[in-house]
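Working notes, beginning with the structure itself.
The values are calculated or read from the model by the stated rules, or taken from the named source; none is laboratory data. These numbers come from a predicted model, not from an experiment. Every residue, glycine as well, gets a Cβ built from its backbone with ideal geometry; the counts of neighbours run over all protein chains shown. Just so you know, the surface numbers come from the protein's heavy atoms only, side chains and all, with ligands and any DNA or RNA stripped out. Shrake-Rupley method; radii C 1.70, N 1.55, O 1.52, S 1.80 Å.
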Amino acid sequence: MIKGDTELKSEKDNEEEKGYSLTETEDELVIILGGEIDHHRALKIRVNIDTEIAERRPKKLVMELSRINFMDSSGLGLIMGRYSKMQVLGGEFVLREPCEGVMRIIRLAGLDKIIKVEKSENEKESNKNEARKNK
Amino acid sequence: MRQEKINEMSMKLPSRSVNEGMARAAVAAFCSQLDPDASEVADIKCAVSEAVTNCIVHGYKNEIGIIYITVSLYADRTIKIEIRDRGRGIEDVKKAREPLYTTDAENERSGMGFTVMESFCDKVRVVSQCGKGTKVVLCKRLRKR
């Protein structure tokens with residue numbers, strides 16, 4: 001289905017309002033975080049994600065981190081909180097593609113030891129090569 | 001011998017969470033005179049964000065107060081950042097600095113604030129007095145370029 005302009009616009013407004021965008025398949029609910037994750041933004045994002053979890057009851061929750069360009073320890077709280085939530089619900093929880101800066105702080109707290117972190121470095125590399133070829 | 005101070009900047013801002021981003025961006029912009037690399041800028045921003053968030057969440061819990069920030073740049077490429085509030089103060093500084101220790105778990109504070117500051121800076125000094133406020137001094141020496 002091709003989306004009309006108005007629909008696209010409302011989706012973008014929605015993203016700004018909530019603090020993230022999201023995709024949902026049968027198996028997983030993917031929360032795509034971007035920009036700067038600090039105490040100010042984490043507050044709002046947390047409330048919205050929790051509503052999402054309560055409504056959709058996902059089997060697997062993915063937090064996609066590749067578009068984040070800053071994160072402090074408030075982001076750790078946000079991640080840990082959603083992880084515990086999914087533990088209680090008996091669902092899976094995954095962090096996807098954190099950049100090096102975000103990964104550093106995740107490691108510092110030892111979260112990578114308890115939470116699954118998916119990285120696709122090879123994929124990125126091959127995408128880059130692909131882009132170069134197409135130039 | 002104390003290194004020569006080459007520049008200094010001060011700012012004060014109310015403890016509203018919307019100012020967190022501005023505080024770390026302003027400090028990073030001032031430090032850019034010393035030409036830090038990208039990872040050093042990221043370290044500074046993160047450490048400042050932690051200290052400022054502490055002022056907002058703990059120092060001025062349930063009230064709006066003023067946060068004072070002073071940044072000094074030294075000739076040996078050391079950056080000294082002082083972040084001060086006149087809030088409630090910390091009862092047990094040693095305990096507060098322990099990793100994962102938090103007094104605000106219900107708001108999902110991770111208890112990693114001081115640990116982040118310590119690992120992203122070379123030296124972190126905390127002076128606090130109950131009822132008077134808290135001062136955090138972050139020192140970071142940039143690599144030679």
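Mind counting the residues in segment A:16-56 that are assigned to a loop (DSSP other than H, G, I, E, B) and under 24 Å from B:Val57 (Cα atoms)? The number of residues fulfilling the criteria is 2. Scanning segment B:96-108 for residues that are open to solvent by 30 Å² or more (accessible area, probe 1.4 Å) and over 24 Å from B:Lys140 (Cβ atoms) gives B:Thr102, B:Thr103, B:Ala105, B:Glu106, B:Asn107, B:Glu108. Considering only residues in segment A:21-47 that are farther than 22 Å from A:Ile105 by Cβ and touching a residue at least 24 places away in the same chain (Cβ under 8 Å), the one that is surrounded by the fewest Cβ atoms within 10 Å (Cβ to Cβ) turns out to be A:Asp27. Of the residues that sit in segment B:72-92 and are open to solvent by less than 20 Å² (accessible area, probe 1.4 Å) and within 10 Å of the chain's Cα centre (by Cα), which one is nearest to B:Ala105 (Cα to Cα)? Out of the qualifying residues, it is B:Ile83. Just one of the numbered conditions (1) crowded, with 18+ Cβ neighbours inside 10 Å; (2) at pLDDT below 95; (3) not β-branched (Val, Ile, Thr) is not true of A:Asp13: (1). Inside segment B:13-58, residues that are among the aliphatic types (A, V, I, L, M), touching a residue at least 60 places away in the same chain (Cβ under 8 Å) and more than 13 Å from chain A (Cβ to nearest Cβ) make up a count of 1.
Within segment B:18-73, the set of residues being of a type in the set (Lys, Arg) and touching a Lys or Arg at 6+ places or on another chain (Cβ under 6 Å) comprises B:Arg24, B:Lys45. Taking the criterion of being in contact with a Cys (Cβ under 6 Å, 6 or more places away or on another chain) and either open to solvent by 10 Å² or more (accessible area, probe 1.4 Å) or over 19 Å from B:Val116 (Cα atoms) (or both), the only residue of segment B:12-53 that qualifies is B:Ser15.
Within segment B:49-73, the set of residues being over 30 Å from B:Arg143 (Cβ atoms) and among the small types (Gly, Ala, Ser) comprises B:Gly59, B:Gly65.
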